[in-house]
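I'd like to ask you about the structure that follows.
The values are calculated or read from the model by the stated rules, or taken from the named source; none is laboratory data. The structure presented is a predicted model; accordingly, all values stated were derived computationally and were not measured. Here the Cβ positions follow ideal geometry from the backbone for every residue, glycine too, while neighbour counts run over all protein chains shown.
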Amino acid sequence: MRYYSTNNKNFRVSFREAVLSGIAEDGGLFMPEVIPVLPEKLIINMSDMTLPEIAGEVIRPFVQPMDESSLWKTVHDSMSFTAPLEKISDTLRILELWHGPTLAFKDFGARFLARMLSRFLNAEKKEILILVATSGDTGSAVASGFYGMPGITVGLLYPQGKVSWIQEKQLTTAGGNVVAFEVDGSFDDCQKLVKQAFADKDLDKTFYLTSANSINICRLLPQMFYYFYAVSRIRRKDRPLTVCVPSGNFGNLTAGLVAWKMGLKVDSFIAAVNTNRVFPDFLQTGEFRPQSAKQTLSNAMDVGNPSNFHRIRDLFNGEINSLRRIVQSYSVDDEETIIGIREMWQQFRYLIDPHGAVGYQAIKLHQADNRDDRQYILLETAHPAKFKDVMEQVIDVRIEIPDRLAQILSKKKSAVPVRNSYKEFRQQLIKTITGQGRNAGL
């Protein structure tokens, strides 16, 4: 399998090169040259398979020529936690993706990527620097996945004052080979700084730069696993099935669409967004107009210029009508988000975080547009305890903090403050990582 750049389909590299580079040298994102279609029998048999077993079958075509034993070890080490599909009603099931180490769906991709990178980097001579822009949960998942790996330093860039205090604790207390940069700006600003670093040829002379955001194809592809797993657990096959994906940078939706092209038995997708409504506006007008991100309760979705939009457009060859047939998108504001949190608790006694609540409200809007006997799967992307203050204020119920999260709350925050300036970020990065700019030339 080879991978091309979304900016130039003639530029192709191996899976190893795509993973190590993170982003193509022309600034494009990597995409597989072919989306393999899985055999019908295999998809049917997934109902009797475990999540790691499904993962191995789904990812195999994308990682060739990786040997079978290494593949299975990587998959089993990465997928060491569950993803329960909870029945809420006759029409709604929630896929809980927060049972991993950092209580967010990013654990699936981050752990798989960490193990693949560790495997690929053994032969590299330079120090590895992984830069990650995070709007909340990506950074902590990456920190957990790469913590303590020799020869690897992780730099996390997060927007000051725009993540929950618990998320910030996760981002800034890892220590060791993980450094947090608190950026005076938005997530889009953080993402821009990362992309500028990738384009910095002088920086690349000292470090081997790569990314663990969903711009890295190896972070994105593992997110297909739980789509196949969840759909395989749906018993009634005679009703239309729609999957609702709370969306920010659109890596999760992209993974679902790749899975659909592989044969996933889904009729449609909902891209649920908050007031950062670039994507629904695109579907309505046909024009992609990036905007400044607006701050909301569902902070991980506060993205005004989603990188993976270009992958989605590429998957459909730029044919917007083809995309419209499979994806509908709805925007939900903070007031509606609060109503969703409260309604899920009062009607179903289910604690849903703000991102999931956006998805729940989007499903209700979709139901109003599609009055049929449809069933839904909602991806619940983060544990509600990560938004404890909001949850308790909305529903007046004490939210228990899981032990693995409670352990970090007493730790001291350690973050490098930087302005929204690449020059300043570069200086702070070199000073922090190399120790006052040793290794020279920078």
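Test Ser5 against the criterion of being in the same structural domain as Gly139 (by TED's automatic domain parsing), of a type in the set (Ser, Thr, Tyr) and either over 24 Å from Arg233 (Cβ atoms) or in contact with a His (Cβ under 9 Å, 6 or more places away or on another chain) (or both), and give yes or no.
no
I want to confirm something. Restricting to region 396-421 and keeping residues that are crowded, with 17+ Cβ neighbours inside 10 Å and not in a loop (DSSP other than H, G, I, E, B), which single residue is modelled with the lowest pLDDT?
For region 396-421, the residue satisfying everything is Leu405.
Could you list, in sequence order, all residues of region 16-38 that are touching a residue at least 60 places away in the same chain (Cβ under 8 Å), within 24 Å of Thr74 (Cβ to Cβ) and not aliphatic (A, V, I, L, M)?
Arg16, Ser21, Gly22, Phe30, Pro32, Pro36, listed by residue number.
Related question: Return yes when Arg374 is in the same structural domain as Ile130 (by TED's automatic domain parsing) and touching a residue at least 12 places away in the same chain (Cβ under 8 Å) and no when it is not.
Spelling it out, it is not the case that Arg374 is in the same structural domain as Ile130 (by TED's automatic domain parsing) and touching a residue at least 12 places away in the same chain (Cβ under 8 Å).
Taking the condition of being in contact with a helix residue (DSSP H, G or I) (Cβ under 7 Å, 6 or more places away or on another chain) and surrounded by fewer than 20 Cβ atoms within 10 Å (Cβ to Cβ), how many residues in region 28-41 meet it?
Number of matching residues: 5.
Still on this structure, please answer the following. Which residues, taken from region 136-156, are in contact (Cβ under 8 Å) with a residue 60 or more places away in the chain and in contact with a strand residue (DSSP E or B) (Cβ under 7 Å, 6 or more places away or on another chain)?
Scanning region 136-156 gives Asp137, Thr138, Val142, Phe146, Thr153, Gly155.
Consider region 160-178. How many of its residues are closer than 12 Å to Val416 by Cα and surrounded by 22 or more Cβ atoms within 10 Å (Cβ to Cβ)?
Selection size over region 160-178: 3.
Output the number of residues of region 203-259 satisfying the condition of being among the aromatic types (Phe, Trp, Tyr) and in a helix (DSSP H, G or I).
5
Given the criteria in the same structural domain as Arg93 (by TED's automatic domain parsing) and either under 25 Å from Ile54 (Cβ atoms) or not small (Gly, Ala, Ser) (or both), does Ser322 qualify?
The answer is no for Ser322.
Among the residues of region 339-352, is any loosely packed, with under 13 Cβ neighbours inside 10 Å and under 28 Å from Asp188 (Cα atoms)?
So far as region 339-352 goes, no, none of its residues is loosely packed, with under 13 Cβ neighbours inside 10 Å and under 28 Å from Asp188 (Cα atoms).
Which residue, of Arg235, Arg239, is more than 20 Å from the chain's Cα centre (by Cα), within 28 Å of Ser80 (Cβ to Cβ) and surrounded by fewer than 24 Cβ atoms within 10 Å (Cβ to Cβ)?
Arg235
Next up: Surrounded by fewer than 15 Cβ atoms within 10 Å (Cβ to Cβ), more than 24 Å from Asp314 (Cα to Cα) and not assigned by TED's automatic domain parsing to the domain that holds Phe309 - does that describe any residue in region 55-66?
Yes, the conditions are met somewhere in region 55-66.
A follow-up question, please. Looking at Ala212, is it within 16 Å of the chain's Cα centre (by Cα), among the aliphatic types (A, V, I, L, M) and not assigned by TED's automatic domain parsing to the domain that holds Ser331?
Judged against the criteria, Ala212 is a match.
From the residues in region 193-230 that are free of Cβ contacts under 8 Å to residues at least 60 places away in the same chain and surrounded by fewer than 23 Cβ atoms within 10 Å (Cβ to Cβ), which one is farthest from Met116 (Cα to Cα)?
Filtering first and then ranking leaves Lys201.
Of everything in region 76-126 that's under 15 Å from Ile59 (Cβ atoms) and charged (D, E, K, R), which residue is surrounded by the most Cβ atoms within 10 Å (Cβ to Cβ)?
It comes out as Arg111.
Output the number of the condition that Asn216 fails; it satisfies all remaining conditions of (1) touching a Gly at 6+ places or on another chain (Cβ under 8 Å); (2) closer than 21 Å to Glu96 by Cβ.
Status for Asn216: all satisfied but (2).
Condition test on Ala133, is it outside the structural domain of Gln223 (by TED's automatic domain parsing), free of Cβ contacts under 8 Å to residues at least 60 places away in the same chain and crowded, with 24+ Cβ neighbours inside 10 Å?
no
Go through the residues of region 279-294 one by one and say whether even a single one is more than 26 Å from Phe225 (Cβ to Cβ), of a type in the set (A, V, I, L, M, F, W, C) and part of a helix (DSSP H, G or I).
Within region 279-294, one or more residues are more than 26 Å from Phe225 (Cβ to Cβ), of a type in the set (A, V, I, L, M, F, W, C) and part of a helix (DSSP H, G or I).
Of these, Gly248, Gly256, Gly318, which one is surrounded by 19 or more Cβ atoms within 10 Å (Cβ to Cβ) and modelled with pLDDT under 95?
Of Gly248, Gly256, Gly318, the one residue that is surrounded by 19 or more Cβ atoms within 10 Å (Cβ to Cβ) and modelled with pLDDT under 95 is Gly248.
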